[in-house]
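Engineer: Dropping a structure here in C-alpha cells format, bear with me for questions.
The values are calculated or read from the model by the stated rules, or taken from the named source; none is laboratory data. Quantities reported herein were computed from a predicted structural model and do not represent experimental measurements. For neighbour counting, all protein chains shown are included, and Cβ atoms are generated from backbone atoms with ideal geometry for every residue, glycine included. Areas reflect the complete protein model, heavy atoms only, side chains present, ligands, DNA and RNA absent. Shrake-Rupley method; radii C 1.70, N 1.55, O 1.52, S 1.80 Å.
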Amino acid sequence: MIAEDFSAEEIADRLRDHPEAVAWLDFDDPELPDLEAVAAGFGLHPLAVEDAVHDHQRPKLDRYADHLFVNLYAVEFHGAENPGLRKIEISAFVTKRALITVHKAPGHLEKLLARWDADPALAALGGVNFLVYGLLDVVVDTQYATAREIDEAMDTVEDQMLEEGGAPRAVRLRSFALRKSLANLHRVVAPMTDLVDRVGRAGIEPVDDGLRPYYRDVADHAQRAMELTEHARTRITELLDADSTEQGNVLNQVTRKLAAWAAIIAVPTALTGFFGQNLPYPGYDSPAGFVASSVLIVTSAIGLYGYLKHRGWL
C-alpha cells in the first residue's frame with residue numbers, strides 16, 4: 001500500500017505519480033453532486049452515476065466505453081424471534097486504475113479490507129481486477145453464509161411443525177418469516193453466478209491467469225449459494241404444506257367427533273320426541289314404562305357410541 005485516507009481530489013495526481021498503482025475510493029450513501037465531482041475525473045457515465053445514488057437497483061453489470069458499472073448486494077440474516085434479512089446495496093465503478101464503490105447502507109468494509117490484505121502476493125498479480133475479485137468474494141460469501149444460517153434456522157422449527165396436531169401459531173409465523181427471507185435472498189443470489197462470470201470476461205483489463213481461478217472459485221460459491229437457497233425454499237414450502245395437511249387432518253377428526261356426538265344426542269331426542277309428542281309409549285302411565293323408556297334411550301346411546309368408537313370416529 002502506497003497511501004490511504006487522502007481526499008478524492010488527490011487521486012488523479014497520485015495515480016500519475018505512481019504509474020503501477022491502483023486506487024480504491026469508497027462513498028457512504030452519497031448525493032448526486034458528490035459523485036459528479038469524481039465522475040468528471042474518471043469519465044463515469046451519467047446513467048451509471050444516477051443508478052449509484054438511487055437505492056434498490058437490481059443486481060447487474062453494465063459496460064460503458066471505458067468503465068464497468070456493477071450493482072450487487074451483501075446480506076445479513078437476523079434469526080432471533082422475528083427472522084429477517086438485511087441487504088447492503090453496493091454499487092461499483094471499475095476503471096483501468098481505480099475501483100470506486102458506493103455503499104448505500106453501512107457494513108462489511110472491514111471484511112473487504114481484510115480480504116484484500118489477506119494475500120499480498122495475489123494482489124500483485126491483479127491490480128484493479130484483484131480489488132474487484134475481493135469485492136465479489138466478500139459479497140458472495142455473505143450470501144452463502146446467510147443461506148446456510150436460514151437453512152439451519154429451519155432445523156429448529158422443523159420438528160415442531162411435524163408434530164402431531166400441527167405447529168403452534170408462533171412456529172408457523174416464524175416459518176413464514178423464514179420463507180420471506182429466502183424469497184428476498186433469492187432475488188439477490190440468483191443473478192450472481194452469471195454476474196461474476198461476466199465481470200471476469202468483461203473486465204477493463206484482461207484478468208491475469210493467476211487470478212482467473214479465483215474468479216471461477218467465486219462463481220462456484222455463487223452457484224452453491226443459489227442451489228442452497230433454492231433447496232431451502234423448497235424445504236420450507238414442503239414443511240408449510242405438511243403442516244397445513246396435518247391441520248386439515250386434525251380438523252377432519254374434530255368434525256367427525258362433532259358429527260358422532262350429534263348422532264348420539266339425536267337418537268335419544270328422536271325417541272323422546274316420538275313417544276312424548278305423537279303417541280303414548282308402552283307403560284307411560286306406570287313407573288315401569290318410564291324405566292323401560294329410559295333404559296332404551298341409554299342403551300341406544302351407548303350402542304351408538306360403541307359403534308362410532310370402533311370405527312375410530314371418537
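Engineer: Considering the chain as a Gaussian network with a 10 Å cut-off on Cα pairs, which listed residue, Gly107, Gly273, Gly127, attains the greatest mean-square fluctuation?
Structural biologist: Gly273
Engineer: Right, something else. Give me the net charge of Pro106's neighbourhood, meaning all other residues with Cβ under 12 Å from the Cβ of Pro106; Lys, Arg count +1, Asp, Glu -1. Write down the numbers at each step before the final one.
Structural biologist: On the way: positive: Arg86, Lys104; negative: Asp26, Asp28, Asp29, Glu76, Glu89, Glu110.
Net local charge, Pro106 excluded: -4.
Engineer: With both bridge residues required to lie in the stretch 14-138, what share of the DSSP beta bridges run antiparallel, to the nearest 5%? Walk me through the numbers before you get to the answer.
Structural biologist: On the way: 20 of 26 bridges.
Of the beta bridges lying entirely in the stretch 14-138, close to 75 percent run antiparallel.
Engineer: Just to be sure I understand, if you calculate P(r) over Cα pairs in 20 Å bins from 0, in percent for this structure, which of [x] 30, 53, 17, 0; [y] 25, 34, 16, 12, 10, 3, 0; [z] 33, 56, 11 do you get?
Structural biologist: Calculated P(r) over Cα pairs in 20 Å bins from 0, in percent: the matching label is [y].
Engineer: I need to check one value: relative contact order of the stretch 31-85, counting alpha carbon pairs closer than 8 Å and at least 6 residues apart, in percent. Present the calculation step by step, with values, prior to reporting the outcome.
Structural biologist: Values: 40 pairs, mean separation 11.9, N = 55.
Normalised by residue count, the contact order of the stretch 31-85 is 22 percent.
Engineer: Residue separation times 0.36 nm, minus the C-alpha to C-alpha distance between Val267 and His56: what's the value?
Structural biologist: Gain on stretching Val267 to His56: 69.3 nm.
Engineer: Among His78, His231, His18, which one moves the most in a GNM of the chain with springs linking Cα atoms closer than 10 Å?
Structural biologist: His18
Engineer: Could you check the spin-label model distance between Glu230 and Asp66? Points 7 Å from the Cα along Cα→Cβ, value in nm.
Structural biologist: 4.1
Engineer: Round to a whole number: what % of the accessible area of the chain belongs to carbon and sulfur, probe 1.4 Å?
Structural biologist: Numbers: 9510 of 17230 Å².
Here it works out to 55 percent.
Engineer: What residue among Tyr64, Tyr133, Tyr73 shows peak mean-square fluctuation when the chain is described by a Gaussian network model with Cα springs under 10 Å?
Structural biologist: Tyr64
Engineer: Rounded to the nearest 500, what is the chain's calculated 222 nm mean residue ellipticity when only DSSP H runs of at least 4 contribute -39500 (n - 2.57) each, over all residues? Please report the intermediate quantities before stating the final value.
Structural biologist: On the way: 10 runs with 193 residues, N = 314.
Value at 222 nm, helices only: -21000 deg cm²/dmol.
Engineer: Follow-up question, since we're still on this one. For the pair Arg14 and Arg201, how long in nm is the line joining their label points, each one 7 Å along Cα→Cβ?
Structural biologist: In this crude label model, Arg14 to Arg201 measures out at 3.5 nm.
Engineer: What FRET efficiency would be calculated for the residue pair Asp209, Glu149, taking the C-beta separation as r and a Förster radius of 51 Å, to the nearest 0.05? Could the numbers behind the result be given before it?
Structural biologist: Working: r = 35 Å, r/R0 = 0.69.
The formula returns an efficiency of 0.90 here.
Engineer: Shifting gears a bit: What is the extension gain from Phe176 to Thr245, computed as 0.36 nm multiplied by their sequence separation minus the C-alpha to C-alpha distance, in nm to one decimal?
Structural biologist: Numbers: separation 69, 0.36 × 69 = 24.84 nm, distance 1.61 nm.
Full extension of this stretch gives 23.2 nm more.
Engineer: A further question on this structure: In nm, to one decimal, how far is the modelled label at Gln253 from the one at Glu110, with both set 7 Å along Cα→Cβ?
Structural biologist: 5.1
Engineer: Less than 10 Å Cβ to Cβ from Val218, Lys/Arg counted +1 and Asp/Glu -1: what total charge do the surrounding residues give?
Structural biologist: On the way: positive: Arg216; negative: Asp137, Asp141, Asp197, Asp217, Asp220.
So the environment of Val218 carries a net charge of -4.
Engineer: Kindly list the residues of the stretch 61-100 that lie in the label zone of Leu47, defined by a backbone N under 14 Å from the point 7 Å along the Cα-to-C-beta vector.
Structural biologist: Counting only backbone N, you get 61-70.
Engineer: Another one. Compute the accessible area per residue over the chain, keeping the other protein chains in place, probe 1.4 Å, unit Å². Don't jump to the answer; show the numbers that get you there.
Structural biologist: On the way: 17230 Å² over 314 residues.
Roughly 55 Å² per residue, with all protein chains present.
Engineer: Which one of Thr269, Thr237, Ala190 has its Cα pushed farthest toward the positive end of the charge dipole of the chain, where Lys and Arg give +1 and Asp and Glu give -1 at the Cβ?
Structural biologist: Looking along the dipole axis, the top candidate is Thr269.
Engineer: Can you compute the charge dipole magnitude of the stretch 195-239 about its Cα centre, using +1 on each Lys and Arg Cβ and -1 on each Asp and Glu Cβ, nothing else charged? Give it in debye, rounded to the nearest 20. Let's see the in-between values first.
Structural biologist: Working: 7 positive and 9 negative charges, 31 e Å.
So the dipole magnitude of the stretch 195-239 works out to roughly 140 debye.
Engineer: Give me the number: length gained by fully extending Ala40 to Thr156, i.e. 0.36 nm times residue separation minus the C-alpha to C-alpha distance, one decimal in nm.
Structural biologist: Values: separation 116, 0.36 × 116 = 41.76 nm, distance 5.29 nm.
Gain on extension, Ala40 to Thr156, equals 36.5 nm.
Engineer: Here is a further query. Using the crude model of +1 on Lys and Arg Cβ and -1 on Asp and Glu Cβ, and no other charge, please compute the dipole size for the chain relative to its Cα centre, in debye to 20. Walk me through the numbers on the way to the answer.
Structural biologist: On the way: 30 positive and 48 negative charges, 455 e Å.
Approximately 2180 debye in magnitude.
Engineer: Separate question: Would you check the chain for Lys pairs whose C-alpha atoms are within less than 24 Å, ignoring same-chain pairs closer than 8 in sequence, and give me the count?
Structural biologist: 12
Engineer: Just to verify a number: what accessible area does Glu246 come out at with the full protein assembly present, 1.4 Å probe, Å² rounded to tens?
Structural biologist: Counting only protein heavy atoms, Glu246 exposes about 50 Å² to solvent.
Engineer: If I require 24 Å or longer along the helix axis, counting alpha carbons, and a Kyte-Doolittle average no lower than 0.5, what helices from the chain are left? Use full DSSP H segments.
Structural biologist: In the chain, the long hydrophobic H runs are 287-310.
Engineer: Hey, what did the chain get for relative contact order, percent, Cα under 8 Å, at least 6 apart?
Structural biologist: Working: 382 pairs, mean separation 47.7, N = 314.
RCO, the chain: 15 percent.
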